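Quick note: the coordinates plus some simple rules give every number you see, no bench work behind them. A quick note: this is a predicted structure, and the numbers were derived from the prediction, not measured. Ideal geometry is used to build each Cβ from the backbone, glycine not excepted, and the neighbour counts take in all protein chains shown.
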Amino acid sequence: MIHKRLHHIGVIMPSLEEAEAFMKQFGLEVDHKGYVAPYHAHYIFTKMNENESESPLELLIPTEGVLAQYNKGRGGIHHICYEVDDVQAACDEFVSKGYEMLEKEVSQASPTMKINFVRPKYTHGILVEFMEITEPTEDYLK
C-alpha cells in the first residue's frame, strides 16, 4: 500500500449550524475552509492537536446532490482519507488489483488537493479517499 498516513476522517453534517455546534461541543478549531465543487459541498478542516498525534476531521456541508441525501439527510461518518504522494499512482495500483474507483478521473477538489475514492464494495463497506497535496492549478488561480 502506498499511503503516507491517515490524513482525515470525513463527516457529513446536515448544516453549517450543526457543524459549528459539533465543533464547539468538542472544542475543535477551524484550520481551513473551502468548497468542493464536484461534490457540491462546503468543507471545514479542523486543526490537529499541538503534537499532531491525531488526524483532523473534515466536516462536509453539502448544498445539493448525493451527499445531501447521505444517511437520509442526517449526515454521519462518510469516509477515511489517506494522504499519498501521487493520487493517480494510488488509483492505478488499486485498479490493477481489480478494484474500481468512484470517479473515472482524479479530481482537483480544491486549489491544493487532488482526490479520488475506492468504491466501498471493494473495501469492506468503507469509502476510502486518496488525497494528494498539490500546488494550486491554473484553473483555480483564475
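Table for the structure above
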item	result
Amide N of region 6-20 lying under 15 Å from the label point, which is placed 7 angstrom from the Cα of Arg74 along Cα→Cβ	12-15
Förster-model FRET efficiency, 25 Å R0, Met48 and Asp85, C-beta, rounded to 0.05	0.80
Long-range tail of P(r) for region 3-141 (Cα pairs > 18 Å, %)	56
Along the chain, longest interval not containing exposed GluC sites (Glu not before Pro), exposed being DSSP loop plus at most 15 other Cβ atoms within 10 Å	106-142
Part-to-part distance (alpha-carbon centres) for region 10-27 and region 62-101, which is given in Å	20
Mean separation of Cα contacts under 8 Å (6+ apart) over length of the chain, as relative contact order %	25
Members of Lys24/Lys121; Lys47/Lys114; Lys4/Lys114; Lys33/Lys97; Lys24/Lys114; Lys97/Lys121 lying beyond 24 Å, as alpha-carbon distances in this model show	Lys24/Lys121; Lys33/Lys97; Lys24/Lys114
Sites matching chymotrypsin sites (Phe, Trp or Tyr not before Pro) across region 17-115 that sit in DSSP coil, with at most 12 neighbouring C-beta atoms within 10 Å	Phe26
Additional length obtainable on full extension of the chain from His40 to Leu6, 0.36 nm per residue less Cα span	9.9 nm
Within the chain, helix-based [θ] at 222 nm, where runs of 4 or more DSSP H residues each add -39,500 (n - 2.57), nearest 500	-4500 deg cm²/dmol
Residues Ile44, Ile115, Ile133, Ile80, sorted so that the one with the fewest Cβ neighbours within 10 Å comes first	Ile133, Ile80, Ile115, Ile44
